[in-house]
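Chemist: Attaching a single structure in structure tokens format; questions to follow.
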Amino acid sequence: MLDILYRDEYLIAINKPHGLLVHRSPIAADAEEFALQLLRDQVGLKVNPVHRLDRATGGILLFALNKEVEIMMQQQFADNRVEKKYSAIVRGYTPDSEDIDYPLRKENGALQGAHTRYTTLKRAEIAVPLGRHDTSRYSLVEVVPSTGRMHQIRKHLSHVNHPIIGDTTHGCNKQNKLFREKWEMTTLLLHASTLSFKHPVSGEYLNINAAVNSEFSRVMNLMDW
């Protein structure tokens, strides 16, 4: 059963597990379960996702319960009128805060402007040697993207040399191997924690929050956070 965070007659939000596709995709033919179908079967209604989350990313995923609301919410996302906050555990000690203004390429090669801001919440140094270092350092950051490019947060944090732990595409292979072998952890430690927006029908300002999953929480405990 999917964890439902918010529901009314127009919208429904879930805490999507890491590894669950939003809907069927030809690039992930191995998948047999999808958030759209699971939620539809759980609530007995047609549901339509109004934004995207990577398969590997966990956290808040918002659906509309009719086409009109779907279009209105998609427009809010397109106009950057939805504030999105993410939690991530990354390699190294990050600055207290940082703005990353770094264009990203689309699949056709065209550059798109992309902006991400993050704030450091916690730092940890643990007695686990890696490479030429006697210890390993990590940071817990809150990330706020003001644009919504594909893999934007993952690419931007990698660009500033603080890749997200568990990111097999844009991350650090040595760190991923360490977490896999020492702690049997393969989860991408990126979590969509908050969505804040104006309800498209009532006009009420909504602030939806989602707790991190058990693997993310386990790593936080390892770091003594």
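The values are calculated or read from the model by the stated rules, or taken from the named source; none is laboratory data. Note that this is a predicted model, so its numbers are computed, not measured. Note: ideal-geometry Cβ built from the backbone for every residue, glycine included; neighbour counts use all protein chains shown. These accessible areas exclude ligands, DNA and RNA; they are computed on the full protein's heavy atoms, side chains included. Shrake-Rupley method; radii C 1.70, N 1.55, O 1.52, S 1.80 Å.
Chemist: State all residues of region 62-92 that are out of contact with any His (no Cβ under 6 Å at 6 or more places or on another chain) and part of a loop (DSSP other than H, G, I, E, B); if no residue qualifies, say none.
Modeler: Selection gives Leu65, Asn66, Asp79, Asn80, Arg81, Val82.
Chemist: Please go through region 128-185 and give me each residue that is among the hydroxyl-bearing types (Ser, Thr, Tyr), under 28 Å from Leu111 (Cβ atoms) and buried (at least 16 other Cβ atoms within 10 Å of the Cβ), ordered by number.
Modeler: Result: Ser158, single match.
Chemist: Still on this structure: Take the residues of region 186-219 that are touching a strand residue (DSSP E or B) at 6+ places or on another chain (Cβ under 7 Å) and in a helix (DSSP H, G or I): which is surrounded by the most Cβ atoms within 10 Å (Cβ to Cβ)?
Modeler: Looking at residues that are touching a strand residue (DSSP E or B) at 6+ places or on another chain (Cβ under 7 Å) and in a helix (DSSP H, G or I), I get Phe216.
Chemist: So, in region 155-170, of the ones that are without any contact (Cβ under 8 Å) to a residue 40 or more places away in the chain and of a type outside the set (Val, Ile, Thr), which residue ends up nearest to Tyr118 (Cα to Cα)?
Modeler: For region 155-170, the residue satisfying everything is Ser158.
Chemist: If you go through region 149-164 one residue at a time, do you hit one that is farther than 18 Å from Leu53 by Cβ, of a type outside the set (Ser, Thr, Tyr), touching a Phe, Trp or Tyr at 6+ places or on another chain (Cβ under 6 Å) and assigned to a loop (DSSP other than H, G, I, E, B)?
Modeler: No - not one qualifying residue is present in region 149-164.
Chemist: Run Arg180 past the list (1) out of contact with any strand residue (DSSP E or B) (no Cβ under 9 Å at 6 or more places or on another chain); (2) in a loop (DSSP other than H, G, I, E, B); (3) modelled with pLDDT of 95 or more and report the number of the one that doesn't hold.
Modeler: If we test Arg180 against (1) out of contact with any strand residue (DSSP E or B) (no Cβ under 9 Å at 6 or more places or on another chain); (2) in a loop (DSSP other than H, G, I, E, B); (3) modelled with pLDDT of 95 or more, just (2) comes out false.
Chemist: Go over the candidates Ala64, Ala124, Ala114 one by one and state the one that is open to solvent by less than 30 Å² (accessible area, probe 1.4 Å), among the small types (Gly, Ala, Ser), touching a Phe, Trp or Tyr at 6+ places or on another chain (Cβ under 8 Å) and farther than 30 Å from Lys174 by Cα. Spell out how you get there, then give the answer.
Modeler: Numbers: Ala124 fails: farther than 30 Å from Lys174 by Cα; Ala114 fails: farther than 30 Å from Lys174 by Cα.
Within the list Ala64, Ala124, Ala114, the selection yields Ala64.
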